[in-house]
Amino acid sequence: MSYLSHTDAERRRMLQAIGVDRLEDLYEDVPQGLRLSGLDVPAGLSEVEVLRLMQSKAAENLDLETRPSFLGGGAYFGYVPAAVGAITGRAEFYTSYTPYQPEVSQGTLQVIYEFQSMICLLTGLDVANASLYDGATAVAEAASMALNATGRNRVLVPDTLSPEYRRVLSTYAEGIGYDVDVGPIVEGGQLDVTEEHAAVIVQNPDFLGSVVAMEKLATLAHSHGALFIAVVDPISLGILKPPGEYGADIAVGEGQNLGGWLSYGGPYLGFIASTPNLQRRLPGRIAGATVDDRGNPAYVLTLQTREQHIRRERATSNICTNEALVALGATVYMALLGKEGLREVAEHALQKAHYAADRMGAVPGFGVATPSPFFREFALRCPVPAEEVNRFLLSRDILGGLDLSRIYPDNASLRDCLLLGMTEMTTRNDIDACVSALTDMVAARSTTREPAGVGGRA
Amino acid sequence: MGEERRYSRSHEWVIREGDSARVGVSEFAVEQLGDVVYLELPAVGKQLNRGDVIGDIESVKAVSQLYAPISGEVIAVNEELEAHPELVNEDPLGKGWIVVLQPVDLGDIDTLMFKADYDRFAAEEQA
């Protein structure tokens, strides 16, 4: 059988078989105005010409390898050790499709098992699944588990949960039919939890970078019969208390920064772990360890059939996939770094964020809006709209931060604020360059706008 | 006659105990399920109408639902099953009981099948 596309002779035979004279006759119901009359495509290029064209296009990108960036907000530019690419690029892992039959896929299944074990160690919880799409869907899946476990129909999230995660949660809520209450964490770490809430979902560090008093909130949630779901930055767990130690029933998060590239936003890596009493509600796949008939270690998918093949429409979740390759990358990364390495990466982020906050917050007109303690990110209050600051920084070849007025348009206390994020890749030079740029921007403003009598401030 | 074990078409048994009714899974159903590994049971206080889902019973072969054979409130749940689901296999009519209901109408029990009728029903269903 030929895999070439249809020849003219074949087309003629097909048209004959259905009794049509010309191919165009098949389109007669499409209005004339909607039909394409030729494509404006340039003539073909040679391989080397294509390469040069693409290189020149690529050179227009602002890449993070060559200039400082303080973008964060859920995706982080961390170092990806060479071993990650080398191992994930192996054809056994890279090209295999749904490799879950235990008879032939012990390697993949073992990797998943190792990944789950590492996520359990990291979160301090007992059971983890084989991964989910990303942090946002992991939050939504955790909410579904809680709704199912409690038989309740609302969840409560503070507005410091990532706005993107809240949007994905709302999308799930609309489909499944539950309510998402968004309320602020008020003074003293209180939240308006009621007996109607299935879960309280709290991000730590929160979207503005602050480390949250999780234990108190967990106790509060539990006292109303709600589950407590922690949304965590896995790197932060190198130095912060794991969710299992402060009473979280479920921990979820975005695992992109465990040895994953930014990749224009995906594929990323959701992770989810829970206490043992919720294990049967964990969505997707779980690999388990057992022994074969000769007593050798062996790995198989467990609990999966229950949800997808038997419970079907009654299942808590019908997610049928995971991010196996990205999870493999994260497994390699965690194995390479170990507990000590992870702590160092976390400390880099922490110390750089605090150095940056001290320096940038001291530039006249600027101030730090995130209350301490914070981990890798903080909000910087600017004397002019954040967008303007970003534009100035870009003119100095610096990628600034996330404009918070876009995310919290109604929050006056975050007006003119930039969210700045650090990783182990941020250097002191990067921060110092940004501080000089901010200082120059302020100086330029005062010389252009404040000369006495020349249209100065009223 | 109220103290004779009765059976539902969804394979639960019911036995009257004073004003309440104990509910379990029939021997036939247990045999069909194979080794039971997990049960998801309702909370005490839950109101059930006849035919409502009581919970799930999971075996090595399948996950099935348990249905309320009569209407009533759940007044006791066999908590022993959480750690020892195998009791359902070992002693389905005794230690493997599932819940105790406070029936809305004790007379509902009399509408269920006697063992002989149920055995015939089960045999036909299997055929």
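Some notes on this structure:
- Residues B:E82 and A:N411, FRET efficiency given R0 of 45 Å [Cβ-Cβ distance, rounded to 0.05]: 0.45
- Placing pseudo-labels 7 Å out from each Cα toward the beta carbon at A:E388 and B:E90 gives an inter-label distance of 7.7 nm.
- Given charges at beta-carbon only (K, R positive; D, E negative), |dipole| of the range A:221-334 in Debye: 360
- Within a Gaussian network of chain B (alpha carbon springs, distance under 10 Å), most fluctuating of B:G18, B:G34, B:G72: B:G18
- Electrostatic tally near A:L125: other residues with Cβ closer than 13 Å to its Cβ, Lys and Arg +1, Asp and Glu -1, net -2.
- Relative contact order (percent, whole number), the range A:106-180, Cα cutoff 8 Å, 6+ residue spacing: 26
- Computed from the Cβ-Cβ distance with R0 of 56 Å, the FRET efficiency linking A:A82 to A:D358 stands at 0.95.
- Cα lying deepest toward the dipole's positive end in chain A, options A:P267, A:A59, A:G73, charges on Cβ: A:G73
- A compact globular protein would have a Cα radius of gyration near 2.2 N^0.38 Å; the ratio found for the protein assembly as shown is 1.24.
- Helix-derived mean residue ellipticity, 222 nm - over chain A, DSSP H n ≥ 4, -39500 (n - 2.57), to 500: -11500 deg cm²/dmol
- Pairs of Lys in the protein assembly as shown closer than 21 Å at Cα, counting only those 8 or more apart or on different chains: 5
- Theoretical gain in end-to-end length, A:D192 to A:S223 [0.36 nm per residue, Cα-Cα removed]: 10.0 nm
- Working from Cα pairs under 8 Å separated by at least six residues, relative contact order for the range A:82-333 is 29 percent.
- Chain A: relative contact order in percent, alpha carbon pairs under 8 Å with at least 6 residues between: 19
- Here, the range A:82-333 has an Rg and a Dmax of 17.8, 60 Å when only alpha carbons are counted.
- Distance in nm between pseudo-label sites at A:T275 and A:V20 (7 Å out along the Cβ direction from Cα): 6.2
- FRET efficiency for the A:T302 to A:R428 pair, using the beta carbon distance and R₀ = 35 Å, is estimated at 0.15.
- Residue-averaged [θ]222 nm for chain B, counting only DSSP H segments that reach four residues, each worth -39500 (n - 2.57): -5000 deg cm²/dmol
- Long hydrophobic helices in chain A, taken as whole DSSP H segments with a C-alpha length of 27 Å or more on their own axis and mean Kyte-Doolittle hydropathy at least -0.5: A:324-361, A:428-449.
- Estimated inter-spin distance, A:Y94 and A:E65, nm [label 7 Å along Cα→Cβ]: 1.7
- Across chain A, the longest run free of exposed loop sites, meaning GluC sites (Glu not before Pro) lying outside DSSP classes H, G, I, E and B with no more than 12 other Cβ atoms within 10 Å, spans A:196-458.
Values quoted throughout were computed directly from the atomic coordinates according to the rules given, and no laboratory measurement underlies them. Predicted, not measured: the structure shown is a model, and the values here were computed from it. Here the Cβ is made from the backbone with ideal geometry for all residues, glycine too, and neighbour counts use every protein chain on show.
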